[in-house]
Amino acid sequence: MTQIRVLSAREISQVFTVTDALEAVEDAYRQKAEGEATAWPMVYEQFEPGVADMDIRSGELAGSGLFGLKLTAWFSGNPSRGLPEVFGTTLLCDDATGAPLALLNAGAITGLRTGAAAALGVKWLARKDASRLFVVGAGHMSTFMVAATLAACPSIGHVEVWDPRKEEAPAARVELMRGEVQAILEAAGAMREFELVAVADGKAAAGAADAIVTITPATDPVIHLDWVRPGTHISAVGADMEGKQELASDLVAAARVFVDDRAQSVASGELEVPVKQGAITPEHIAAELGEVIAGKAQGRTSQDQVTVFDTSGIAAQDLAASRMAYDRAVERAMGTVVEL
């Protein structure tokens, strides 16, 4: 009989941290650049537009001996039913036999791996003296953007957070976020000093930043070309479906652009709208970030250059992170083993 290990959010949190996520995602990007990881086309369906949908991101991570998928379902009415709005489940399978290995609560990994992707953009593409981070978006995921960037980039010590949907600074949210970030860093043994400030003027904050991370569901740009000073790096995270756009098309056109997957970025990532508008072509992409990490492509080429990294999210990130959590759970005999 075939056995599969089921891992809960609580169990995953005991074996997987933000520094683990940085290591796993960096390895996933490197494997993709080396031809050992593949992102397969995304499946997206709306049960009711604007109310409920689901997407499946799948692929192979041959360097780690597995393939698999993450299924995410969003049902906006769930809170009234006493249920989470989002359910995420990751399935890992052995790529030599096809046998299922593990079923994991994806929610316990998604925040950390998404923050890690944004932070790796800052690590590899921002100026080495970057010290000021500006996070656009004050939702749940913004916590992971801050924690991962602080863990990955020792030079960054000042962080500002802006909610583009509101006129006032998100002070209460940022006060809560401060404790959440500290807890994430402490769990990884990576606690450090930092300043975390809520701001109301997004344009001023963008103009003072060395690195910007955008994590919003925007369909109209929230960061514009004249907001950004020379030498700034931007990791754009929020555009993960058709029609979403966080960065103005002329800003993307003026920048040196990197992505996690060329085809997906143009089809449903930050570059989809600029390409459709004719502001850029797919050839505007300088490289995938994994190619920079693997030494196959050059990242930033000057101190004054504006760089953009579009991470729309690929299965390789989830597979690498989930494999790490699975291996550690097996070592500690954690999880529930089920006969199929």
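The C-beta contact set for segment 7-36 (first residue within 16 Å of ALA316 (Cβ to Cβ), second residue in a helix (DSSP H, G or I) and of a type in the set (Asp, Glu), distance under 7 angstrom, 6+ apart or interchain) comprises ALA33/GLU291.
Residues of segment 36-54 that are open to solvent by 50 Å² or more (accessible area, probe 1.4 Å), touching a Gly at 6+ places or on another chain (Cβ under 7 Å) and assigned to a strand (DSSP E or B): THR38 alone. Scanning segment 200-220 for residues that are assigned to a loop (DSSP other than H, G, I, E, B) and either under 25 Å from THR301 (Cβ atoms) or in contact (Cβ under 8 Å) with a residue 40 or more places away in the chain (or both) turns up ALA209, ASP210, ILE215, THR216, ALA218. If you check PHE144, PHE194 for being more than 19 Å from the chain's Cα centre (by Cα) and among the aromatic types (Phe, Trp, Tyr), only one passes: PHE194. The residue pairs whose first member lies in segment 137-165 and is among the aromatic types (Phe, Trp, Tyr), whose second member is in a strand (DSSP E or B) and modelled with pLDDT of 95 or more, and whose beta carbons are closer than 6 Å, counting only pairs six or more residues apart or on different chains, are TRP162/VAL136. Please specify each residue of segment 294-322 satisfying the condition of being buried (at least 24 other Cβ atoms within 10 Å of the Cβ) and either free of Cβ contacts under 8 Å to residues at least 12 places away in the same chain or not small (Gly, Ala, Ser) (or both). Once the filter is applied, which keeps residues that are buried (at least 24 other Cβ atoms within 10 Å of the Cβ) and either free of Cβ contacts under 8 Å to residues at least 12 places away in the same chain or not small (Gly, Ala, Ser) (or both), segment 294-322 yields THR307, VAL308, PHE309, ASP310, THR311, ILE314, GLN317, ASP318, LEU319.
Any residue in segment 169-187 that is aliphatic (A, V, I, L, M) and touching a Lys or Arg at 6+ places or on another chain (Cβ under 8 Å)?
Checking segment 169-187: at least one residue is aliphatic (A, V, I, L, M) and touching a Lys or Arg at 6+ places or on another chain (Cβ under 8 Å).
Between ALA119, ALA126, ALA106, the distinction of being touching a residue at least 24 places away in the same chain (Cβ under 8 Å), over 22 Å from ALA315 (Cα atoms) and within 21 Å of the chain's Cα centre (by Cα) belongs to ALA126 only.
Give the residue that is farthest from ALA218 (Cα to Cα), with candidates limited to residues of segment 165-187 that are open to solvent by 40 Å² or more (accessible area, probe 1.4 Å) and not in a helix (DSSP H, G or I). Per the criteria, the residue is GLU168. Taking segment 95-114 as the range and being touching a strand residue (DSSP E or B) at 6+ places or on another chain (Cβ under 9 Å) and within 15 Å of ALA321 (Cα to Cα) as the test, the residues that pass are LEU101, ALA102, LEU103, LEU104, ASN105, ALA106, GLY107, ALA108, ILE109, THR110.
The values are calculated or read from the model by the stated rules, or taken from the named source; none is laboratory data. None of these values were measured; they are calculated from a predicted model. Backbone-built Cβ (ideal geometry, glycine too); neighbour counts: all protein chains shown. These area figures cover heavy atoms from the full protein model, side chains too; ligands, DNA and RNA do not enter into them. Shrake-Rupley method; radii C 1.70, N 1.55, O 1.52, S 1.80 Å.
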